1. Identify the single condition in (1) surrounded by 20 or more Cβ atoms within 10 Å (Cβ to Cβ); (2) of a type in the set (S, T, N, Q); (3) out of contact with any Gly (no Cβ under 9 Å at 6 or more places or on another chain) that A:Asn82 does not satisfy, given that it satisfies every other one.
2. Is it fair to say A:Lys179 is surrounded by fewer than 17 Cβ atoms within 10 Å (Cβ to Cβ), at pLDDT 95 or above and part of a loop (DSSP other than H, G, I, E, B)?
3. Tell me, which residue of segment A:89-143 that is more than 12 Å from every other protein chain (Cβ to nearest Cβ), under 30 Å from A:Leu242 (Cα atoms) and among the aliphatic types (A, V, I, L, M) is surrounded by the most Cβ atoms within 10 Å (Cβ to Cβ)?
4. Tell me, please, whether a residue that is crowded, with 22+ Cβ neighbours inside 10 Å, over 30 Å from A:Pro297 (Cβ atoms) and at pLDDT 95 or above can be found in segment A:569-577.
5. Take the residues of segment B:62-80 that are of a type outside the set (A, V, I, L, M, F, W, C) and more than 12 Å from every other protein chain (Cβ to nearest Cβ): which is surrounded by the most Cβ atoms within 10 Å (Cβ to Cβ)?
6. Hey, any hits in segment A:105-117 for a residue that's modelled with pLDDT of 95 or more and closer than 19 Å to A:Pro439 by Cα?
7. Take the residues in segment A:545-559 that are under 27 Å from the mean Cα position of the chain (by Cα) and assigned to a loop (DSSP other than H, G, I, E, B); name whichever of them is surrounded by the most Cβ atoms within 10 Å (Cβ to Cβ).
8. Taking only pairs six or more apart or across chains, which ones have beta-carbon atoms under 6 Å, a first residue in segment B:69-92 that is part of a loop (DSSP other than H, G, I, E, B), and a second residue that is buried (at least 18 other Cβ atoms within 10 Å of the Cβ) and hydrophobic (A, V, I, L, M, F, W, C)?
Amino acid sequence: MTEMLSGGDMLIRSLQDEGVEYIFGYPGGSALHIYDAIFRQQKIEHILVRHEQAATHMADGYARSTGQPGVVLVTSGPGATNAITGIATAYMDSIPMVVIAGQVPRDLIGTDAFQETDMVGISRPVVKHSFMVRDASEIPGIVKKAFHIATTGRPGPVVIDVPKDTTDPAETFEYDYSKPINLRSYRPAYEGDMGQIKAAVAAILAAKRPVFYVGGGVIQGNAKEPLRALAKAVGAPVTSTLMGLGAFPGTDELSLGMLGMHGTYEANMAMDETDLVIALGARFDDRVTNNPSKFSPKAKIIHMDVDPASIDKIIDSHIALVGDASWVIEAIWAEYQSQVKQRPAAQSDKQSEHLSEWWQQVNGWRKEHGLNHGLKPEAGKAILPQLAVQTLYRVTKGEAFVSSDVGQHQMFAAQYYHFDEPRRWINSGGLGTMGFGLPAAMGVQMGSPEAVVACVTGEGSFMMNMQELSTCLQYGLPIKIINLNNQALGMVKQWQDMQYGGRHSQSTYSDSLPDFKTLVEAFGHVGIKVSDATQLDDAMELAFSEENKNRLVFVDVWVDPHEHVYPMAIKGGAMRDMILSKTQTSGGAS
Amino acid sequence: MRAILAVLLENEAGALSRVVGLFAQRNYNIETLTVAPTEDTTLSRLTLTTTGDADRIAQIIKQLDKLVEVVSVINLCAADHVERELLLVKVRAVGEARQEIKRSADVFRGQIVDVTSDTYTVQLVGPSNKLDAFINAIGDNGAEATILEVVRSGVSGMGRGNRVLAV
């Protein structure tokens, strides 16, 4: 016998049938039938946020860390518009998310009704797809399509706009979630082209200075194992985008760390000198390439991406591989093994010889200009933000999930916390959303209750969503917030220092900052303030100590406000063109 | 380079706005756009003309193809094709110009579909450049043949021979 359910109940049942654990949301008029349906069930836990933007970031953090789609529920009008920043954040980083928005009843749509906004229209440029429910009977099919679209191919957020009257408890419909869906117009590529894969392997074997350039697609595509196997087999250096950190172990000897605008000297030099770029799940973002016309001038380009539109968008590829990251990289690895076996032994020796010359060069760059890893706290001196991240890394043994906001602290975290596993580094790379860090960390903690979750933030970003401290108390989320407090919008200030003659237009507010320790205590959490470098270790140890295991701890680290993030790409230059410190440049600019 | 993109689109509310929004969002231009349901009422066919170098056209096609509601998309200009556009032009036709306009319409195989004592409305079907030429021709007839109003349907087209755009 088929079950008869109301639209609201069908919506929630469909989410249950999708295996949804959490809904991150905030109620309001148009969503109340749906909220009543939530009240009638136990399977899914609803997390009540304090602002809808945070709901989307929480769902996003949950999705990034677990690989499962995040689910958001908001009401119409302001509820929906508040969610937009989070939807755009997920869209730019290809994060699977389903956002359900209440809408005014169908007969009021278009009348400028109370809390009406055209959510499908307003979200259109920042979603992978969207649906409006025209009839309650469509709800299960729409939910099924939404999850399928959000999680397959290049993942992304999908919006479902639900007019209130389609969730009316008085009307019931036959519920059957097993019905297959048909999407003739949506068939993402899965398997790569074998001809191209063979060509890619031949190019890898012929290369004398190959480099792997790895992006978030490897993480989203769950291709960690095949990537590691392939990189080890080839023995070439691996550099990662901001989004790809952790796809390949950051502490591995093959790893050159991050490339791009604030990438390591060795990674950017290797990209400039290489004769073969093996781009896997990366999209040649402008924060990576610097000037595309000067990008890797001596190199052939192999480009693998699940999204055909990423291929040849910024940089023309010589060999293009479209397909699922895991499938394609595994196929490259298998083909590599078989081609290596067919080669005469003498040739294999020659191959490793070529790479050893390349490694000599790469290691030279490493030695010459690595990051400042040997920092030690010095009494009487301001805490360097890099030291704070290093201390966090040491105290958490490099095993924490780390979310970040956007700015200098984000770059310091990316440079100095070495991620050995995918899905541990949670940051808004594409959109660069300040206010992302705390709610994202909350989503991570929800998805992994036993894990150590740190949020590296700055006081500017933190104040954009700090209302969520209240949510953290409600759900007992023991996040550790490391606030690199430089009493300014640090990255803005850095650019103003470097490009605007030190005129700090609207980037400082040191005379009006709250006392963060008291602030977080008022929210019921633990606050620690540290401004003396010699006390940094103790403060960090205390934050992660057994006694604070179940508490949210906010460590307000007063850092040197004059510190800049280096290396930094020189605008319009090649990847070799970097500013290395306040007094030192490299490449063409030197 | 000019491209004529033929797009099969799910005939659903909002699908067209995604196509148009894509062009605005990514700074592509649309010169003409025409859309109507096909013999299969679940599908609309959209024909769109745009310009750009080969890389840009390739990127536009990929971005269109990425839209979930786009079933398939081809560039008609990539091979032999037929393209047609419909023009209605209302012209002030008095004195000597009246005969001249009639003659021009005949030369271009246009039809006069509406007549008043001082206007003609001419209908013309053909490739866009033929329509342009006709407008230029009657515009050259002097002040008496003033063009009062022009409406063009935008380009429709299909591939020649066995080249078929279908699901």
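1. Every listed condition holds for A:Asn82 apart from (1).
2. Details: surrounded by fewer than 17 Cβ atoms within 10 Å (Cβ to Cβ): yes; at pLDDT 95 or above: no; part of a loop (DSSP other than H, G, I, E, B): yes.
For A:Lys179, the condition - surrounded by fewer than 17 Cβ atoms within 10 Å (Cβ to Cβ), at pLDDT 95 or above and part of a loop (DSSP other than H, G, I, E, B) - is not met.
3. Among residues in segment A:89-143 that are more than 12 Å from every other protein chain (Cβ to nearest Cβ), under 30 Å from A:Leu242 (Cα atoms) and among the aliphatic types (A, V, I, L, M), the one surrounded by the most Cβ atoms within 10 Å (Cβ to Cβ) is A:Ala90.
4. no
5. Just the residues of segment B:62-80 that are of a type outside the set (A, V, I, L, M, F, W, C), to begin with: B:62-63, B:65-66, B:69, B:72, B:75, B:80.
Imposing the further condition that a residue be more than 12 Å from every other protein chain (Cβ to nearest Cβ) reduces the set to B:75, B:80.
Values: B:Asn75: 18, B:Asp80: 10.
Filtering first and then ranking leaves B:Asn75.
6. Looking through segment A:105-117, none of the residues is modelled with pLDDT of 95 or more and closer than 19 Å to A:Pro439 by Cα.
7. Result: A:Leu552.
8. Sorted first by the residue in segment B:69-92, then by its partner, the pairs are B:Glu69/B:Leu9; B:Glu69/B:Ala15.
The values are calculated or read from the model by the stated rules, or taken from the named source; none is laboratory data. Please read all numbers here as calculations on a predicted model, not as lab measurements. Cβ: placed from backbone, ideal geometry, glycine included. Neighbour counts: every protein chain shown.
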